[in-house]
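Working notes for the structure below.
The values are calculated or read from the model by the stated rules, or taken from the named source; none is laboratory data. Keep in mind that this is a model prediction, so the values were computed, not measured. A quick note on method: Cβ atoms are made from the backbone with ideal geometry, for glycine too, and the neighbour counts reach across all protein chains shown. When the accessible area is computed, the model is the full protein with side chains, heavy atoms only, and any ligands, DNA or RNA have been set aside. Shrake-Rupley method; radii C 1.70, N 1.55, O 1.52, S 1.80 Å.
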Amino acid sequence: MQMRRREWIGMAVAAAATGWPALGQAQPLEKSTRLIVAYGAGSATDILARFLADRIAKRSGRPAVVENRAGADGNIAAEAAMRAPNDMYTLLVSGSSTHAANASIYRKLPFDPEADFTPVSTLAVAPFVLLVNPQRVRQRSIKEFLDWAHTGGGQDLSFASTSVGNRVAGERFRQVARLKAVNVLYRNSGQAMTELLGGQFDFYFCDVATALPQVKAGKAFALAVSYRERLAALPEVPTLAESGFPDFDVASWIAIWSAVASTPADVSARMAQWVGEAMDSTEGREFLLGKGLLPAPSGATALAQLQRRDTAVWGKIIRETGMQQ
């Protein structure tokens with residue numbers, strides 16, 4: 001029986017871990033590499049893609065070009081990667097939007113998250129911090145906040161979102177906390193933070209990099225963390241799981257795939273090795289932590305499992321909270 005492509009990839013990656021030269025030795029490729037990024041320049045995904053592009057270029061001996069294709073919750077980038085000509089090897093740097101949530105948000109996707117892409121590796125986890133404006137919301141714990149909201153003080157609540165990930169976190173919180181709250185969509189986290197500090201809405205599941213300076217300055221107050229574990233950057237802030245919602249665990253993740261149509265299986269396997277080495281290095285981990293991300297280089301198999309898990313888990317939240325378009 002002919003071996004399936006993904007089974008071959010898994011074997012090749014495992015063999016690569018011990019069979020290829022050590023980090024730093026160039027292994028020339030026949031073509032240059034294209035990294036198509038699902039979000040705009042300056043985003044965490046973009047910054048991470050450029051970090052990897054530099055390492056891939058050094059290892060492959062050829063340029064690695066970063067192309068930003070923002071829009072439609074990452075769908076534009078995923079379709080571009082799927083349809084890319086085979087003049088370069090094509091990688092997609094995206095995450096939980098294109099390869100988990102969007103299958104439930106959009107009635108029809110212009111790509112198949114599994115058939116059109118080969119998992120390379122997860123890269124990082126992006127938890128959210130539940131923020132309030134301390135001038136607008138004076139409660140300092142989840143219990144106090146919910147007591148205030150449920151007894152009439154928090155009428156006409158609203159919360160911000162800037163991405164699929166923090167929208168899912170906000171909608172899930174609204175659902176389990178039984179809040180009447182309206183979502184307000186913003187283009188980016190900087191804009192949402194400005195509006196939070198201006199008192200334009202009540203709460204916001206913000207990325208760590210944007211939240212941290214404002215929390216440290218006392219301009220925003222962190223009620224809880226959306227992730228299952230406390231964050232080293234904010235060790236005093238409890239998780240929502242600790243605050244009365246034991247099953248709450250919502251965090252975005254960033255990952256990398258190769259486009260099946262333009263990147264051969266052996267090249268995908270080689271890329272997986274390079275990416276894993278770069279992100280699992282001291283330099284890679286320090287880079288991620290400095291951007292408010294949690295290191296999570298875990299290879300192709302783990303990425304495929306994560307993708308399937310969150311397609312189901314996030315899909316349920318999306319359907320139950322009416323996020324479909």
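Amide H contacts of Val66: Leu35, each under 5 Å away and 5 or more positions distant or on a separate chain (H built 1.01 Å from N in the peptide plane; Pro and chain starts excluded).
Once you have the Cα-Cα distance between Leu185 and Val313, take 0.36 nm times their residue separation minus that, and quote the gain in nm to one decimal.
Details: separation 128, 0.36 × 128 = 46.08 nm, distance 2.22 nm.
The Leu185-Val313 span can extend by a further 43.9 nm.
Measuring r between the beta carbons of Ser281 and Lys216 and using R0 = 35 Å, the FRET efficiency lands at 0.80.
Accessible area per residue (1.4 Å probe, heavy atoms of protein chains only) ranks Asp54, Asp280 as Asp280, Asp54, with the largest value leading. Evaluated at q = 0.20, 0.22, 0.24 Å⁻¹, the base-10 log of the normalised Debye intensity for the range 234-325, with identical point scatterers placed on the Cα atoms, takes the values -1.14, -1.19, -1.24. Here the range 28-115 is described by how far its Cα atoms reach on the three principal axes: 42, 27, 16 Å, from widest to narrowest. Directionally averaged projected area (the range 135-280, Cα convex hull): 10.9 nm². A simple spin-label model places pseudo-atoms 7 Å from Cα toward Cβ; at Asn86 and Lys143 they are separated by 6.3 nm. Report, please, the projected area of the chain averaged over directions, based on the convex hull of its C-alpha atoms, in nm². Average projection, Cα convex hull of the chain: 16.7 nm².
Karplus-derived 3J(HN,Hα) values for the range 79-94, using 6.51 cos²θ - 1.76 cosθ + 1.60 with θ = phi - 60°, are 5, 4, 5, 4, 9, 4, x, 8, 7, 9, 6, 10, 10, 10, 10, 8 Hz; glycine and proline are entered as x. Here's the picture: charge each Lys and Arg Cβ at +1 and each Asp and Glu Cβ at -1 in the range 139-244, and of Pro235, Ala217, Ser189 the one pushed furthest to the positive end of that dipole is Ser189.
In this Cβ point-charge picture (+1 for Lys and Arg, -1 for Asp and Glu), the chain has a dipole of about 220 debye about its Cα centre. Residues in the range 138-258 average 45 Å² of solvent-accessible surface per residue, probe 1.4 Å, ligands and nucleic acids excluded.
Could you list the residues of the range 248-286 with an amide nitrogen less than 19 Å from a label point located 7 Å from the Cα of Lys58 in the Cα-to-C-beta direction? Residues 270-286 fall inside that zone.
Taking the C-alpha atoms only, the angle from helix 44-60 to the longest principal axis of the chain is near 20 degrees. For Asn183, the residues whose amide H sits under 5 Å from its own are Phe159, ignoring neighbours fewer than 5 places away on the same chain, with H placed 1.01 Å from N.
Two decimals, Cα atoms only, Kirkwood Rh: what is Rg/Rh over the range 78-219? Each step should come with its number before you reach the end.
Details: Rg = 18.3 Å, Rh = 17.2 Å.
In the range 78-219, Rg relative to Rh is 1.07.
Each residue of the range 172-187 is assigned a 3J(HN,Hα), and the resulting list reads 5, 5, 4, 5, 6, 8, 6, 9, 9, 8, 9, 7, 10, 8, 10, 6 Hz, derived from the Karplus form 6.51 cos²θ - 1.76 cosθ + 1.60 (θ = phi - 60°), x at Gly and Pro. Among 99-112, 245-258, the peptide with the highest mean count of other Cβ atoms within 10 Å heads the list, and the full ranking is 245-258, 99-112. Across the range 165-215, counting alpha-carbon atoms alone, Rg and Dmax equal 11.0, 30 Å. Taking the average, over residues, of other Cβ atoms within 10 Å as the packing measure, peptides 44-50, 197-203 rank 44-50, 197-203 from highest down.
Within the accessible surface of the range 114-163, defined with a 1.4 Å probe on protein heavy atoms only, the carbon and sulfur portion equals 44 percent.
Tell me, what % of the accessible area of the range 202-253 is carbon and sulfur with a 1.4 angstrom probe? Answer for the range 202-253: carbon and sulfur cover 52 percent of the accessible area. What the phi angles of the range 190-203 give under the Karplus curve with 6.51, -1.76 and 1.60, with θ = phi - 60°, is a coupling list of x, 5, 5, 5, 4, 6, 4, 5, x, x, 7, 8, 9, 8 Hz, glycine and proline written as x.
Run lengths n ≥ 4 of DSSP H only: what is the helix-derived mean residue ellipticity at 222 nm for the chain, with -39500 (n - 2.57) per run over all residues, to the nearest 500? Let's see the in-between values first.
Numbers: 11 runs with 132 residues, N = 325.
The helix contribution divided over the chain gives -12500 deg cm²/dmol.
Near Ala255, the amide H atoms lying under 5 Å from its own belong to Ser94, Gly95, Leu123; only residues 5 or more places off or on other chains count, and H is placed 1.01 Å from N.
Accessible area per residue was computed with a 1.4 Å probe on protein heavy atoms; Lys143 scores about 140 Å².
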